[in-house]
Amino acid sequence: MAKTPSPEIVFEKVTGSRAQVLALYGLLEQRGHGISHQQMPSLSAHTAFVRAHPYRVWYLLYRGGALMGSAYLQRDNSVGIHLTPGQHRHLAEVVQRLQGLHAPLKPIPSVRPAHFCIHIAPSNAPMRRALEKMGAPQIQQTYALPR
């Protein structure tokens, strides 16, 4: 029996519409691993953040019409990918599509590498396993210094 291909992942550019703000807020509420924030922001703070569009490019990700996560590229060539539970098996496809849509920005010594890199929370075992399965080498560990 032939395997049915999975539905294509649709990349929707984040423009800051109310529907997108709410979708991103819902994803943030579901996230079990965090790097950039320790507490859930208010909806108004989140709305301001989304509308400020702090990333080089930002997408909502849909598969089969259902929201499956978000992805963004920063100007330091780092990639943020946040997938809903059970969707990490599609990480390689998301990464390949991002790399097909965008090239890394030119390197700047001690500022920006020549390649894309992804930061994940140490507790995010599903993402770590998916990256290892793709053959992505670990290149560093990052620590927050106490104040």
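Yes or no, residue by residue, for (1) β-branched (V, I, T); (2) at pLDDT 95 or above:
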{"position": "Q87", "(1), (2)": "no, no"}
{"position": "L91", "(1), (2)": "no, no"}
{"position": "P104", "(1), (2)": "no, yes"}
{"position": "I118", "(1), (2)": "yes, no"}
{"position": "P122", "(1), (2)": "no, no"}
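For the stretch 58-65, the count of residues that are modelled with pLDDT of 95 or more, surrounded by 11 or more Cβ atoms within 10 Å (Cβ to Cβ), touching a Leu at 6+ places or on another chain (Cβ under 9 Å) and of a type in the set (F, W, Y) is nonzero.
Output the qualifying pairs, or none if there are none: Cβ atoms under 7 angstrom, residues six or more apart or on different chains, first residue in the stretch 87-102 and in a helix (DSSP H, G or I), second residue modelled with pLDDT of 90 or more and among the β-branched types (V, I, T). Taking only residues 6 or more apart or on different chains, the pairs are H90/I9; L91/I81; E93/I9; V94/I9; V94/I81; R97/I9; L98/V79.
Counting just the residues of the stretch 1-25 that are aliphatic (A, V, I, L, M) and assigned to a loop (DSSP other than H, G, I, E, B), which one comes out modelled with the highest pLDDT? Spell out the reasoning first.
Start the filter on the stretch 1-25 by keeping residues that are aliphatic (A, V, I, L, M), which leaves 1-2, 9-10, 14, 19, 21-24.
Add one more test, that the residue is assigned to a loop (DSSP other than H, G, I, E, B), and what stays is 1-2, 14.
Values: M1: 49, A2: 47, V14: 97.
Looking at residues that are aliphatic (A, V, I, L, M) and assigned to a loop (DSSP other than H, G, I, E, B), I get V14.
Residue-wise test of (1) within 19 Å of K13 (Cα to Cα); (2) surrounded by 12 or more Cβ atoms within 10 Å (Cβ to Cβ); (3) not aromatic (F, W, Y).
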residue	(1), (2), (3)
A71	yes, yes, yes
V95	yes, yes, yes
K106	no, no, yes
A130	no, yes, yes
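Restricting the first member to the stretch 39-59 and to residues that are under 15 Å from A23 (Cα atoms), and the second to residues that are assigned to a loop (DSSP other than H, G, I, E, B), the beta-carbon pairs closer than 6 Å and six or more apart or on different chains are V50/G16; R51/G16; W58/V14.
What are the residues in the stretch 88-132 that are among the hydrophobic types (A, V, I, L, M, F, W, C) and more than 18 Å from S70 (Cβ to Cβ), if any? Talk me through it step by step, then tell me what you get.
Initially, the stretch 88-132 is screened for residues among the hydrophobic types (A, V, I, L, M, F, W, C), giving 91-92, 94-95, 98, 101, 103, 105, 108, 111, 114, 116-118, 120-121, 125, 127, 130-131.
Listed by number, the residues that qualify are A103, L105, I108, V111, A114, A125.
Taking the conditions (1) more than 26 Å from P126 (Cα to Cα); (2) buried (at least 18 other Cβ atoms within 10 Å of the Cβ); (3) of a type in the set (A, V, I, L, M, F, W, C) in turn, L83 satisfies each one other than (1).
The values are calculated or read from the model by the stated rules, or taken from the named source; none is laboratory data. What you see is a predicted model; the values in this text were computed from it and never measured. Every residue, glycine as well, gets a Cβ built from its backbone with ideal geometry; the counts of neighbours run over all protein chains shown.
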